[in-house]
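Visitor: First the structure, then my questions, so here it is.
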Amino acid sequence: MTTIEITLPDALAAEASGAGLLAPEAIERLLRDKLASDRIVRLQDARAALAADPPEVLTRQEINEEISAYRMGQRLAAGS
């Protein structure tokens, strides 16, 4: 466990304490909720970026050529 000390304005600290928000369980829940929310926003941003500039779609022949090139590289690296 990590102990964290924070400094808050007195009025905010009193209000948060009265609402039970300064209890360790409440702070943990708030932090977990914020982290989850931030992950969702990052995923949505990535999705929007992909939608705005979708990756190039490869044909079956291009995929096979990529696989062959990869396998050739692996064989050369292995010395065969």
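The values are calculated or read from the model by the stated rules, or taken from the named source; none is laboratory data. Just so you know, these numbers come straight off a predicted model, no measurement behind them. Note: areas computed on protein heavy atoms with side chains; ligands, DNA, RNA excluded. Shrake-Rupley method; radii C 1.70, N 1.55, O 1.52, S 1.80 Å.
Visitor: In square nanometres and to one decimal, what's the mean projected area of the convex hull around the Cα atoms of the chain? Let's see the in-between values first.
Guide: On the way: hull surface 47.1 nm².
Reported value for the Cα convex hull: 11.8 nm².
Visitor: Mind checking the per residue accessible area of the range 14-80 for me, 1.4 Å probe, whole number of Å²? Spell out each step's value before the answer.
Guide: On the way: 6060 Å² over 67 residues.
For the range 14-80, the solvent-accessible area averages 90 Å² per residue.
Visitor: Now for a different question. Within the chain, what whole-number % of the accessible surface is contributed by carbon and sulfur, with the 1.4 Å probe and all protein chains included in the calculation?
Guide: Values: 4410 of 7540 Å².
Percent of accessible area from carbon and sulfur atoms in the chain: 58.
Visitor: Rounded to the nearest Å, what's the spacing between the alpha carbon centres of the range 61-80 and the range 18-43? Just the number, please.
Guide: When both Cα centres are located, 47 Å separates them.
Visitor: If you don't mind, another one. What angle, in degrees between 0 and 90 and rounded to the nearest 10, separates the Cα long axis of helix 60-78 from the longest principal axis of the Cα atoms of the chain?
Guide: On a 0 to 90 degree scale, this one is about 90.
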